[in-house]
1. Restricting to strands (runs of 3 or more DSSP E) lying wholly in the stretch 149-255: which have 2 or more residues that are open to solvent by 70 Å² or more (accessible area, probe 1.4 Å)?
2. Go through the stretch 476-522 and count every residue that is in a loop (DSSP other than H, G, I, E, B), farther than 24 Å from residue 382 by Cα and open to solvent by less than 70 Å² (accessible area, probe 1.4 Å).
3. Exactly one condition in (1) within 23 Å of residue 223 (Cα to Cα); (2) open to solvent by 30 Å² or more (accessible area, probe 1.4 Å); (3) in contact with a His (Cβ under 6 Å, 6 or more places away or on another chain) is false for residue 276; which is it?
4. For the stretch 368-389, indicate whether the set of residues that are in a helix (DSSP H, G or I), hydrophobic (A, V, I, L, M, F, W, C) and open to solvent by 70 Å² or more (accessible area, probe 1.4 Å) is non-empty.
5. Hey, any hits in the stretch 64-81 for a residue that's loosely packed, with under 13 Cβ neighbours inside 10 Å and either more than 50 Å from the chain's Cα centre (by Cα) or not aromatic (Phe, Trp, Tyr) (or both)?
6. So residue 109 clears everything in (1) of a type outside the set (A, V, I, L, M, F, W, C); (2) without any contact (Cβ under 8 Å) to a residue 60 or more places away in the chain; (3) within 30 Å of residue 18 (Cβ to Cβ) except one condition, right? Which one?
7. List the pairs whose first member sits in the stretch 439-466 and is at positive phi, whose second member is of a type outside the set (Phe, Trp, Tyr), and whose Cβ atoms are under 8 Å apart, counting only residues at least 6 apart or on separate chains?
8. If I ask for residues that are open to solvent by 50 Å² or more (accessible area, probe 1.4 Å), under 37 Å from the mean Cα position of the chain (by Cα) and not charged (D, E, K, R), which ones from the stretch 418-468 would you list?
Amino acid sequence: ELSVERRFVPESCPRVVRPGDFVRYHYLGSFPDGTRFDSSYDRASTFNVFVGKGQLIAGMDQALVGMCVNERRFVKIPPKLAYGSEGVPGVIPPNAVLHFDVLLIDLWNSEDEVQVQTYFKPEKCPRTVQVSDFVRYHYNGTFLDGTLFDSSHNRMRTYDTYVGIGWLIPGMDQGLLGMCVGEKRIITIPPFLAYGEDGDGKEIPGQASLVFDVVLLDLHNPKDGIAIENQIVPESCERRSQTGDFLRYHYNGTLLDGTLFDSSYSRNRTYDTYVGKGYVIAGMDEGLLGVCTGEKRRIIIPPHLGYGEEGRGKIPGSAVLVFDIHVVDFHNPSDSVSITVHYKPSNCTVLSKKGDYLKYHYNASLLDGTLLDSTHSLGKTYNIVLGSGQVVLGMDMGLQDMCVGERRTVVIPPHLGYGEDGVEGEVPGSAVLVFDIELLELVSGLPEGYMFVWNGEVSPNLFEEIDQNHDGEVLLEEFSEYIQTQVETGKGKLAPGFDFEKIVKNMFTNQDRDGNGKVTAEEFKLKDQEAKEEHDEL
């Protein structure tokens, strides 16, 4: 009688051999005394055959039924179920009992289809693979018995291809359809939807079922444009970015599977660029249009609007890019200072002008609200001479025409502020500045070009009055003492906001025309006399 001994049965046996199935198996054939008469191992090739169709001796046809892949059976076949009384001349004698040690490698049926087993699926799946999509995925390729024949992981590079247009074996074209990015599935493909009777001529033998353990990393279509998601727009959005604007923004850049490839936060510095001018990849140029300061948005960029087939740095070729951005500020090079008056006293008659000495409080911040500095925290005002270059040009402009008690907000673009370099450790480069200002005191300045003026008539014997020892020469000490007396008695006025000694020294130097440290009567001239002489010369 036929004897079947199951020497090894795998724990997992999803399918067993049935009549009509095609099998691939290895075997050792021997006689009862142990003499070997045949072996598939010697040929380094499995025995491939349909079961139950008369292509095998009857005993083997029966013995293979019910086997699992990777199961091992020891089979004893009597002559009547083998080669009978005739045998096989030169190989198997008549009436021989045959022993077969069989290991089942593969099993399929001509009616089989591609089998898909998903063992992980992300909670969010906004899009699935469709025909003509381009995908990037990792895989381990094995035979049905678990033998590895190929792996993209070993090459440390994804497999990148179009789906459904014939670039893949038919079974893989089918098996990838409907996948989400991040999904993991096992795709089992019968040989007639894989490499068929001939195999691939290298690693894959003919008639082999293939098993691919796949994780989908990326997915796009050549017709895709950029996608914008998760918009968080501030309630106050007075202005949106346009072509030609200069933006400062933070971002995290990831691949579609969440792999981080770059972050401005890790550098603790915003990314600063013009928009719509080709300074960034095309998808980002488009995605940054129409944003508000303080807005957060996700920009998904297909590779043909990103870094293309070649990729760049940590970005692989044909990768979809995901940028989560936070717009810190933006401006246009044509912008001027923006002034918003919040309060103006009713008796606003004296307005600040160039040369006036101003005392004011301010809060300085970036456009996103980040506080930079505040005079309130220092407990003292900020004091300047307006228009003298003691503050950035934008502040000089923003403080014009204010009256005492007025409160206003001054927005200064970087080209009127601290420019591209900013102030190290304090003001970022290319930053728009916002100053909330309250003017507390205003001392009117002198006419432009004057550091000292008389409040009354000028003495006709001015040089003699200054020359206290009447030696015909005025030294700096004499000059300084005289000017100080005039200011203290109210006869003269110095330009407010400047150091007294510096002003006097500057005035003295202007009179000391030969630079010898002394002023003579011939050198000494008032400003209006100097102007008249220059006019006469002309």
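The values are calculated or read from the model by the stated rules, or taken from the named source; none is laboratory data. Everything numeric in this text was worked out from a predicted model, so none of it was measured. Cβ: placed from backbone, ideal geometry, glycine included. Neighbour counts: every protein chain shown. Heads up: the accessible areas ignore ligands, DNA and RNA and are worked out on the full protein's heavy atoms, side chains in. Shrake-Rupley method; radii C 1.70, N 1.55, O 1.52, S 1.80 Å.
1. Of the strands (runs of 3 or more DSSP E) lying wholly inside the stretch 149-255, those with at least 2 residues that are open to solvent by 70 Å² or more (accessible area, probe 1.4 Å) span 227-232.
2. Of the residues in that region, 5 qualify.
3. Going through (1) within 23 Å of residue 223 (Cα to Cα); (2) open to solvent by 30 Å² or more (accessible area, probe 1.4 Å); (3) in contact with a His (Cβ under 6 Å, 6 or more places away or on another chain) one by one, residue 276 breaks only (3).
4. Checked the stretch 368-389: at least one residue is in a helix (DSSP H, G or I), hydrophobic (A, V, I, L, M, F, W, C) and open to solvent by 70 Å² or more (accessible area, probe 1.4 Å).
5. Within the stretch 64-81 (the criterion being loosely packed, with under 13 Cβ neighbours inside 10 Å and either more than 50 Å from the chain's Cα centre (by Cα) or not aromatic (Phe, Trp, Tyr) (or both)), the answer is no, since none of the residues qualifies.
6. (2) is the only condition that residue 109 fails.
7. 449/527
8. Result: 418, 425.
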